Amino acid sequence: MNIQKLTEPQIQNFIFDHEKEDEDKLVLKSKEILGVPSSWIASQIKARKKSAYKLPLFFQTKGIVYPPPLNLEQSSSEATARFKAHIVSKWIASGKSFCDLTGGFGVDSFFLSSLFTSCDFCEPQNDLAELAKQNHHLLGAVNIYYHAKHAADFLQGSAKKYDLVFIDPSRRSELQKKVFRISDCAPDVIDLQPELYRHTDRLIIKASPLLDIQLGIKVLQYVSRVIVVAVDNECKELLFLCDKDFVGEASIECYNIDNNFDPRIIPSAFKFKFSEERSIDIQSASPKKFVYETDAAVMKGGGFKSVASVYNLSKLQVNTHLYTSNALVDNFPGRVFRVDEIVRPDKKLRDRFPGGKANILLRNYPTTVEELKKKTGLTDGGDLYLIGCSGEKEKWTFVATRLQ
């Protein structure tokens with residue numbers, strides 16, 4: 001793929017003008033478009049469609065060239081990259097030097113580089129490094145220096161000390177299977193730690209949302225904070241912030257941001273420590289006036305008892321991550337429901353829902369959504385919720401209205 005050719009105005013105009021077309025049909029129509037293989041054009045149109053939600057700044061900018069599908073899939077979203085820049089801006093007051101050891105498509109590098117005087121960008125695939133360079137320059141980032149090297153090779157050949165190093169190990173095995181344990185990713189950050197801390201006192205490690213957080217803290221050095229990032233209530237990444245001067249227990253910070261993240265409007269973080277979580281005793285109760293479900297970030301963080309303690313809630317059951325209270329709690333990190341009626345899950349229940357439509361939510365409940373719909377005759381939709389869950393001694397089914 002010729003990067004410079006794809007940036008030519010007539011080709012970019014064609015890509016933008018045909019952004020809604022079926023890219024496969026374009027390939028079938030002709031082998032070439034404006035002097036380049038039609039497959040190149042098709043791949044760019046397809047990538048732009050995927051970036052419309054994930055990378056709106058890139059999507060709107062003529063001249064951006066997109067990488068192969070796997071590289072685009074593995075890249076951070078614009079929302080999470082902007083969020084990282086916000087976190088770093090509060091952590092490091094004034095930074096001069098920054099290094100991204102796993103540059104990839106360069107989304108994180110672009111947003112983080114704005115906080116530093118200079119940035120070193122490492123990406124072993126030369127074509128991908130060149131693509132990131134052209135995109136960065138187009139977007140106005142001119143303080144980034146590019147190195148087509150693996151992280152370990154770059155570090156071993158350098159004596160430079162950085163204010164911050166960022167690393168996002170590939171979560172694909174040699175057979176291209178997805179992995180999530182830190183030791184299975186490439187590079188292996190656990191083995192690389194001595195070399196990393198020769199070059200920086202502050203390190204951010206981005207990890208899979210599937211990783212066990214407590215295991216991550218155990219195998220990584222100097223972890224001061226673990227930041228759980230969800231976007232629109234879908235957990236996207238874990239950030240391990242490591243500070244060589246830190247002594248103590250890491251705090252867990254859970255954020256649920258939206259895809260239009262604005263650093264001027266930061267959602268509140270739910271924070272806790274695992275030692276505190278283990279020491280808390282909570283009460284269980286049957287459903288009261290209000291029921292609560294934490295957002296995906298808090299759910300992944302694992303502060304199940306901490307949430308109950310902070311907001312003075314009872315839990316429906318130890319393995320049912322729903323909470324309840326008679327007094328309405330403000331600013332709860334998740335969904336809030338008003339319990340309208342405790343019901344039996346039978347055919348008569350359909351009449352309780354306008355048009356026979358309900359949003360069915362099951363938590364630790366001995367049936368599936370499809371089985372419950374068949375049993376009650378309900379279909380998806382409407383404004384009301386049917387919530388099924390397990391209590392300490394019995395199963396509960398209730399009609400609810402979502403308040404938050």
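Read-outs: derived from the displayed coordinates by stated rules, not from any lab. Every value quoted in this text rests on a predicted model; they were computed, and no experiment measured them. Positions of Cβ are backbone-derived with ideal geometry, glycine not excepted, and every protein chain shown enters the neighbour counts.
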Query - segment 110-265: relative contact order as a whole-number percent, Cα under 8 Å and 6+ apart - result: 16 percent
Query - P(r) tail fraction, segment 239-293 - alpha-carbon pairs more than 19 Å apart, % - result: 57 percent
**Report entry** Given charges at Cβ of Lys, Arg, Asp, Glu: the chain dipole, positive-most of PRO187, VAL229, GLN156
**Finding:** VAL229
**Report entry** Cα pair count fraction exceeding 12 Å, expressed as % - segment 179-236
**Finding:** 69 percent
**Report entry** Among CYS122, CYS389, CYS99: highest mean-square fluctuation, GNM of the chain, C-alpha pairs under 10 Å
**Finding:** CYS389
Requested in this report: Determine, for ILE360, ILE257, the number of other Cβ atoms within 10 Å of each Cβ, and report the residues in order from fewest to most.
Outcome: ILE360, ILE257
Report task. Would you mind telling me which residue in LEU361, LEU128, LEU196 has the biggest mean-square fluctuation in a Gaussian network model of the chain, where springs connect alpha carbons within a distance under 10 angstrom? Result -> LEU361
Report task. Nearest 5 is fine: what % of DSSP beta bridges in segment 167-312 come out antiparallel, could you say? Result -> 70 percent
Query raised in the report: Using a cut-off of 19 Å between alpha-carbon atoms, which lysines can reach LYS375, once sequence neighbours fewer than 8 places away in the same chain are excluded?
Result: LYS347, LYS348, LYS357, LYS395
Report summary line: Correct semi-axes for segment 283-402, from √(5λ) of the alpha-carbon gyration tensor and rounded to whole Å with the largest first, are 25, 14, 13
Query raised in the report: For the chain, which DSSP H helices look membrane-span-like by this rule: Cα extent along the axis of 24 Å or more and mean Kyte-Doolittle of at least -1.0?
Result: 38-54
Query raised in the report: Taking Cα centroids, how far is segment 345-399 from segment 34-77 in Å?
Result: 42 Å
**Report entry** Tail beyond 18 Å, pair distance distribution of segment 211-353 (Cα, percent)
**Finding:** 62 percent
Report summary line: With Cα springs under 10 Å, the Gaussian network model of the chain assigns the largest mean-square fluctuation among ALA186, ALA358, ALA269 to ALA358
**Report entry** Entries of LYS305/LYS393; LYS90/LYS315; LYS218/LYS244; LYS29/LYS62; LYS62/LYS161 with Cα pairs more than 26 Å apart
**Finding:** LYS90/LYS315; LYS62/LYS161
Report summary line: In whole µm²/s, the translational diffusion coefficient that Stokes-Einstein assigns to segment 74-267, given a Kirkwood hydrodynamic radius over C-alpha pairs, 20 °C and 1.002 mPa s, equals 127 µm²/s
Requested in this report: Return the Cα extents of segment 3-66 along principal axes one, two and three, sorted largest first, each rounded to a whole Å.
Outcome: 30, 23, 16
Query - Neighbour cut-off at most 12 other Cβ (10 Å), DSSP loop, trypsin sites (Lys or Arg not before Pro), segment 177-235 - result: LYS177
Query raised in the report: In Å, what is the Rg of the alpha-carbon atoms in segment 332-371, and how long is Dmax?
Result: 12.0, 34
Query raised in the report: Counting Lys and Arg as +1 and Asp and Glu as -1, each charge on the Cβ, what is the dipole of segment 74-267 about the Cα centre in debye, to the nearest 20?
Result: 220 debye
Query raised in the report: How high is the relative contact order of the chain, in percent, with contacts defined as C-alpha pairs under 8 Å that are six or more residues apart?
Result: 9 percent
Report summary line: Cα-based Rg then Dmax for the chain, in Å, read 24.6, 74
Report summary line: Sparse-neighbourhood loop hits (GluC sites (Glu not before Pro), segment 164-267; DSSP loop; Cβ within 10 Å at most 14 others) -> GLU174, GLU249
Query - Relative contact order of segment 283-402, pairs being alpha-carbon contacts under 8 Å that are 6 or more residues apart, as % - result: 28 percent
Query raised in the report: For the residues THR376, THR368, what sequence is obtained by ranking on other C-beta atoms within 10 Å, fewest first?
Result: THR368, THR376
